[in-house]
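Bear in mind these aren't lab numbers, they're just calculated from the coordinates by the rules spelled out. Owing to the predicted nature of the structure, the values given are computational and were not obtained by experimental measurement. So basically every Cβ, Gly included, is an ideal-geometry build from the backbone, and we count neighbours across all protein chains shown.
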Amino acid sequence: MKLDGYIRVSRVGGRGGESFISPAVQKDRITAYAHAVGHEMVAWHTDLDQSGATMQRPGLMSALDRVRSGETDGLIVLKLNRFARSIPEAVQTIRELEAAGGELVSVEESLDTHTHVGKFARTMMLAIAELEYDRIREGWATARERAVDRGVHIACRTPTGYQRRDDGVLDPAPNAAPAVLAAFELRASGRSNAEIGRMLTQAGVLGSVASPGWSPAAVSRLLRNPVYKGEARSGGYVNKYAHQAIVPLDLWDAAQARRGLRPARSGDGFLLAGLVRCAGCGYAIAPTRGTNRDRPSLTYRCKRRHPGGDCPEPAAISAPKLEEFLVAEFFKAFQPGGFITNAVLLSSGVEAARERVAEAEHDLARFRADSEILRVLGRDSYLAGLHARTAKIRGAQAELSDEFGRAQIPPELRQTTAAAVWNDSTTAERRELLSAVVDCIALRKGRSSVSDRAWIFWRGTGPSDLPRAGRAASLHPITLPSAVPDGAGVATGQ
């Protein structure tokens, strides 16, 4: 018979030993067998780094096409598991091969699919191959779970800001870790991905692929990576205390909650650039400059046409009117009973107390997770250890509460301090102050008063799935109350 030889290697790089049969070895043994039994080799097809779990392989598809067209009488492989490891697809492909008048020959198993015995043996061998594949897959899953439990970072690339130890666990890199921490601090303060990227580039921090430049998309991936709060993960396996965190949990949460302010494109004159949303579509309202009766005018106006469709009720309002309203509500929040009545001044004492709470919680989690401790210590000593660690957490939490009390801004100073900071700030700095406490301002279409059309969503109360610039997200109308009494257009949610 005229046969095409087929060679497959699931993974080439770095392999060796008895379990690895190279393409050259497979070809030599197939050629020797074909010569011994009188087959003629007419062509060769090779698939490197291709899994046997799928039949959609370039080399195999080419070989099967030659059988279907009558150019060759069948395929010859060194071992049946080089052909396939999945029974359903393999049997279907062999049936198609035989329907086209072709044969499958396996050197190791000495299979001849023309005979009933050969067909039975072929099916049994494929079953064994699939069982082997499932065993390997289950073994890898178990090994991966155990590695994650040990804190091993399984991914092939070391995250920016870390260095990998010999045991696979990550340690903060002295040169890059501070810059990564600074990136999260910038995000928590509302800075854009572009600004953070420029900071990382200027600091000489290389990305995971050793790229010196940082695109906004690369910054976004860095800021979303839970590895920086100490997690190791692979698939569904997670170890929250795998290695030393670069970013404290409270800073991580703050960075995830913040959406970087989009800089005003028409200069520094728009206080609320990036904060105003059209209630009709959910998209950010673009600040615009124009003239009205030969006088300059500043307006927040929905541009109506968006990647997700046309806004049914595009809103527009005079910029000075909306800004005056928002600033008045901002300062009301500092009054007794206002939104920012429990503001605290972060101090080193507060930060140190937070770290002590986190360390105590971490110690308790590790104690509980170690399955050997109960066996070694015995029940009574184990329970005593749990009680001691729980008491340590409560003590640390009490210290944190005391630190917050000492750091609290006296009520008589809150509004005075806010006014002083506001008066000494530029428009861009004032925009940053507002973004620290405001998620967005939703504006509905109409000609009524500003307080009836504008609704302030304070930090943590705004919609989480609003459209973002440059993406074809669907329109997301924001429902506002039909009437807002006494100018109280504020959603506190607190």
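Using the Karplus curve 6.51 cos²θ - 1.76 cosθ + 1.60 with θ = phi - 60°, what ³J(HN,Hα) values do you get for each residue of the stretch 225-230, in whole Hz, with x for Gly and Pro?
7, x, 4, 6, 9, x
Which lysines, if any, have their Cα less than 19 Å from the Cα of K332, not counting same-chain residues under 8 positions apart?
Output for K332: K321.
Suppose R0 equals 25 Å; then what is the FRET efficiency for A436 and A398 from their Cβ-Cβ distance, rounded to the nearest 0.05?
Values: r = 28 Å, r/R0 = 1.13.
That gives a FRET efficiency of 0.35.
7 Å from Cα along Cα→Cβ at both A428 and M41: what's the point-to-point distance in nm?
Label at A428, label at M41, 7.0 nm between them.
Please arrange H35, H243, H476 by how many other C-beta atoms lie within 10 Å of their C-beta, fewest to most. Intermediate values should be presented prior to the final figure.
Numbers: H35 11, H243 21, H476 16.
Result, fewest neighbours first: H35, H476, H243.
For A388 and E355, what does the FRET efficiency come to when R0 = 22 Å and r is the distance between their Cβ atoms, rounded to the nearest 0.05?
Numbers: r = 19 Å, r/R0 = 0.88.
Efficiency, rounded to the nearest 0.05: 0.70.
Check A43: other-chain or 5+ apart residues with amide H under 5 Å from its amide H, H built from backbone geometry?
Sorted by chain and number, the residues that satisfy this are G5.
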